[in-house]
Amino acid sequence: MDGVVEMCIAIPGRVVEVDYPFAIVDFKGTKRKVRVDLLDDLKEGDWVLVHVGIAIQKVDEEEAKRTVKLLEQIGLG
Amino acid sequence: MLKLRDRRRTIKSLSEELRRLMQGGGEVTVMHLCGTHEDTISRYNLRSLLPENLKVVSGPGCPVCITPDEDLQRAFHLLEKEKVTLTTFGDMARVPFEGRSFFYYKSKGYDVRIVYSVFDALEIAKESDKPVVFFAIGFETTMPSTALAVLDGVENFYVLSAHRYFIPAMEHLLSFEDVRIDGFICPGHVSTIVGVKAYEHIKVPQVIAGFEPEDVLLALCMLVKAIKNGEVCLMNEYTRAVKYEGNLKAQRVMEEVFGRDDWEWRGLGVVKNSGAPLNKKYEDFDALKVFEDSFKDFEPKEDRRKRLCRCGEVLRGVITPLDCPLFMKACTPKNPIGACMVSFEGTCNIWAKYWRC
Ligand code: SF4
């Protein structure tokens, strides 16, 4: 990877294939190999936050849906 | 990740709710602590939606920006003295000291490589006979990756640690007389690692927030309610990524490899227990130890070109970039003077990008 990369951000991506300590993660169509050894029991289809080449946390889809629901209720109010 | 059916309406309702909450009240100042939050706030122009008596200021949430010149000079010193391959993140490579940066050294033929992650540096080391030094910056979000790289135990791979723990800086911020903080928006990515529990001892209202504009506004609503009711509570809006315990495995590797020391931050001075030197057990990978002799004559200097730069005050949230006389005059993203204009997470750089004047 060349040029200047923003180091502080973490980007969500979907796990395509797991092969500890690595996994292939899909970021909106761009697939990359990242380290995943900070997360246990990762499965294909899980969402993860990736920061400087390593997955730092799973994104909980149920919780994400709950937040969306809450926000949508506010939007209707 | 958030797929809202109607983002505009939600944002409007949230800003109306904030107005309602703040109506007739005194002034409230909230500090956020993450460059990505500043990016969301500036990109969506959220400040224009806030009631007048609610101020959201930007704190020391950019790791590149808070890394003091001394650390930078130490890395330059090593480059000049030893035949090493120096690896670092791209943002860091552009920060100038007396007009010199890692990119300057690269252009002069020094072996400087820009990496996306510490694991790229590790790969370089595996294929090289030269010592490969990783100039490591970043908070708890980034430290576990450096720790894992050290634990991989590649012989010619060394870390020059400029890592800093973020939580001590929050307590430190509360000790400044010129800094007003009624509540914190805690850094979302740091929180994924340290968890909600890491903030419990800090005695101001706090909320952990995600990075969509509606996350930030919802978090502000939660925070303003608590401030108004005089509750010193800690809330989590970013439940989809931040757990109470955080990432325990990441915490374990971080503690295994790094110790704690009192280190200086740009803008904040010395922050107790915020420095992350390598533990003695890993001194074979510690550039400071391995190249000890080269550092004997190291003496940090002041950069006179930065005399007028007000990064320190920007990092404490005391001023905005607009208060700096150099902003978009002598100091621009193309020709940055201070670190806050270099990094994509720096407040001056972000304000320059979305400048609406
Ligand atoms: S605009 Fe430039 S000179 Fe002014 S505080 Fe920001 S980085 Fe420093």
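The values are calculated or read from the model by the stated rules, or taken from the named source; none is laboratory data. Computed from a predicted structure; not experimentally measured. No Cβ is skipped: glycine too gets one built from the backbone with ideal geometry, and neighbour counts run over all protein chains shown. Heads up: the accessible areas ignore ligands, DNA and RNA and are worked out on the full protein's heavy atoms, side chains in. Shrake-Rupley method; radii C 1.70, N 1.55, O 1.52, S 1.80 Å.
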**OP:** Name the lysines eligible as straight-distance cross-link partners of B:Lys334: C-alpha to C-alpha under 29 Å, and not fewer than 8 places from it in the same chain.
**Re:** B:Lys106, B:Lys108, B:Lys301, B:Lys306, B:Lys353
Original post:
Taking Cα atoms, how many degrees apart are the long axis of helix A:61-76 and the longest axis of chain A, rounded to 10 and kept between 0 and 90?
Top reply: 40
**OP:** Work out the mean other chain Cβ neighbour count within 10 Å for the residues of B:241-250 and drop it here as an integer.
**Re:** 4
Subject >> Tilt relative to chain B, helix B:143-152 - C-alpha long axis, 0 to 90 degrees, to 10 >> reply: 30
Original post:
Using a 1.4 angstrom probe with every protein chain in place, what is the largest-first accessible-area order of B:Lys225, B:Lys243, B:Lys281, A:Lys31?
Top reply: B:Lys281, A:Lys31, B:Lys225, B:Lys243
Subject >> chain B, dipole about Cα centre (Lys/Arg Cβ +1, Asp/Glu Cβ -1), debye to the nearest 20 >> reply: 1360
Subject >> Histogram of C-alpha separations across region B:262-357, 5 Å bin width, % >> reply: 2, 12, 17, 17, 15, 12, 11, 9, 4, 1, 0
Subject >> Rule-of-thumb Rg ratio for chain A [Cα; 2.2 N^0.38 Å; N residues] >> reply: 1.27
Original post:
Where does helix B:213-228 land angle-wise versus the long Cα axis of chain B, in degrees 0 to 90, nearest 10?
Top reply: 70
**OP:** State the percentage of accessible surface on the protein assembly as shown attributable to carbon and sulfur atoms; use a 1.4 Å probe and exclude ligands, DNA and RNA.
**Re:** 48
Subject >> Hull shadow area, averaged, chain B [alpha-carbon convex hull, nm²] >> reply: 18.3
Subject >> Rounded to the nearest 10 Å², the accessible area of B:Leu151 at probe 1.4 Å >> reply: 70
**OP:** Please report, in debye to the nearest 20, how large the charge dipole of region B:132-210 is about its Cα centre when each Lys and Arg carries +1 at its beta carbon and each Asp and Glu carries -1 there.
**Re:** 120
Original post:
Total accessible area buried between chains A and B, 1.4 Å probe, in Å² to the nearest 100?
Top reply: 3800
**OP:** Arrange the residues B:Glu313, B:Glu27, B:Glu302 by how much accessible surface each exposes, largest first, with a 1.4 angstrom probe.
**Re:** B:Glu302, B:Glu27, B:Glu313
Original post:
Under the definition of partner shielding as Cβ atoms of other protein chains within 10 Å of a residue Cβ, what is the mean value for peptide A:46-59?
Top reply: 6
Original post:
Please state the equivalent ellipsoid semi-axes for the protein assembly as shown: what are the square roots of 5 times the Cα gyration tensor eigenvalues, largest first, in whole Å?
Top reply: 35, 26, 19
**OP:** Please work out the average accessible area per residue across region B:191-286, using the 1.4 Å probe convention, and give it in Å².
**Re:** 40
